[in-house]
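Notes follow the structure.
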Amino acid sequence: MNNLRFKYTALLLVCITCFTFSCKDPVVVDEGYEAPAPPAEVNSRNLMTIEYYTRLNDETLFQENETDLIVNRINSITTPLAYLFDRSDAQIGQTSPVVEIGWRTRTKSFFVQNTLSESFVQGTGMIVRPVINVFEGAAISDTLFVGGCTLMAPLGNPVVVALITCKLDDKMQFPALVRILGDGLKTNKIMIGTVKQNISAEIKEYLKYNLKDFRLSFHATNTAGKTREIFVLTPVNFVAREVVSNNVGNLPMYQCKIEYLN
């Protein structure tokens with residue numbers, strides 16, 4: 001009888017122990033944010049095109065008198081929502097090439113600063129057709145400059161978007177980028193810029209754990225001499241469908257096709 005009581009007590013203790021540990025809250029592992037897959041079918045009525053001109057390195061864009069080619073293209077092809085010109089640096093005391101293009105095409109041009117030196121301002125020029133009433137911009141001194149504009153995208157149902165750009169060179173810019181964006185992606189902020197190839201994987205990982213409701217894609221080229229790649233950062237209700245490489249004369253151009261999913 002005593003042996004039977006011992007076995008019963010031991011079995012009861014095992015059951016209580018197992019029950020106690022099984023009732024503990026499970027350990028929650030933060031797997032970061034992963035955007036849902038977009039629809040397989042593209043709705044062409046909700047597709048916008050942004051032309052992005054860049055050499056994908058640290059060379060200036062306009063090295064010769066290439067503005068005539070851009071003027072002719074903007075006057076003849078009116079479908080792009082906007083035209084961005086990476087490293088269209090502004091020389092102190094001189095007219096920026098993008099400003100000249102804006103005059104000659106009767107479009108609206110402005111400039112988003114990246115860095116500032118004594119002789120020139122490094123940055124990205126932007127050209128759009130409609131009158132711009134709202135300019136988007138923020139800066140954290142010596143770290144990150146972000147700028148752009150708010151405009152109406154003429155889609156199947158017109159949609160207000162804030163098109164912004166920046167240049168990412170260092171990992172220390174990642175927290176600044178998240179801080180500047182805040183909840184801004186909920187207001188249809190679309191960011192197109194360039195990032196150094198050696199930190200693109202790290203920004204993807206950083207944003208995964210520090211930003212919500214977004215889509216991030218990279219578009220690189222295998223051409224020798226390229227040290228950067230284009231990135232497209234959108235709210236989750238947009239998706240970069242493709243980036244098509246092209247050339248306008250000697251100027252490399254990338255057609256960024258972005259779809260509004262709602």
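If the condition is being touching a residue at least 40 places away in the same chain (Cβ under 8 Å), outside any loop (DSSP other than H, G, I, E, B) and touching a helix residue (DSSP H, G or I) at 6+ places or on another chain (Cβ under 9 Å), then region 51-72 contributes E51, Y53, I70. For G156, state whether it is of a type in the set (G, A, S), closer than 23 Å to M48 by Cα and in a strand (DSSP E or B). So G156 fails the test. The residues of region 151-190 that are β-branched (V, I, T) and touching a Leu at 6+ places or on another chain (Cβ under 8 Å), listed by number, are V160, V161, T165, V178, I180, I190.
Yes/no matrix, rows are residues, columns are (1) in contact with a Cys (Cβ under 8 Å, 6 or more places away or on another chain); (2) surrounded by fewer than 10 Cβ atoms within 10 Å (Cβ to Cβ); (3) modelled with pLDDT of 95 or more; (4) not β-branched (V, I, T):
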{"residue": "N2", "(1), (2), (3), (4)": "no, yes, no, yes"}
{"residue": "L11", "(1), (2), (3), (4)": "no, no, no, yes"}
{"residue": "I50", "(1), (2), (3), (4)": "yes, no, yes, no"}
{"residue": "R55", "(1), (2), (3), (4)": "no, no, no, yes"}
{"residue": "D68", "(1), (2), (3), (4)": "no, no, no, yes"}
{"residue": "R87", "(1), (2), (3), (4)": "no, no, no, yes"}
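Each residue in region 73-104 was checked for being assigned to a loop (DSSP other than H, G, I, E, B), more than 21 Å from P154 (Cα to Cα) and in contact (Cβ under 8 Å) with a residue 24 or more places away in the chain, and 6 pass. Return a yes/no flag: does region 164-180 have any residue that is part of a strand (DSSP E or B) and farther than 20 Å from T54 by Cβ. The answer is no; no qualifying residue exists.
All of T187, T165 fail the test of being of a type in the set (S, T, Y) and surrounded by fewer than 18 Cβ atoms within 10 Å (Cβ to Cβ), apart from T187.
Restricting region 105-136 to residues that are assigned to a strand (DSSP E or B) and among the charged types (D, E, K, R), the residue that is nearest to the chain's Cα centre (by Cα) is E136. Considering region 125-136, and only residues there that are free of Cβ contacts under 8 Å to residues at least 40 places away in the same chain and β-branched (V, I, T), the residue that is surrounded by the fewest Cβ atoms within 10 Å (Cβ to Cβ) turns out to be V131.
Selection within region 137-160: residues that are under 22 Å from S88 (Cβ atoms) and surrounded by 18 or more Cβ atoms within 10 Å (Cβ to Cβ). The member of this set that is farthest from the chain's Cα centre (by Cα) is L151.
For (1) farther than 22 Å from T150 by Cα; (2) surrounded by 15 or more Cβ atoms within 10 Å (Cβ to Cβ); (3) modelled with pLDDT under 85, each residue gets a yes or a no:
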position	(1), (2), (3)
V71	yes, yes, no
A90	yes, yes, yes
G93	yes, no, yes
G102	no, yes, no
F110	no, yes, no
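Take the residues in region 190-218 that are over 17 Å from G148 (Cβ atoms) and polar (S, T, N, Q); name whichever of them is surrounded by the fewest Cβ atoms within 10 Å (Cβ to Cβ). Per the criteria, the residue is N198.
The values are calculated or read from the model by the stated rules, or taken from the named source; none is laboratory data. Small disclaimer: the values here were computed from a predicted structure and weren't measured. FYI the Cβ positions are ideal-geometry reconstructions off the backbone, even for glycines, and counts take in every protein chain you see.
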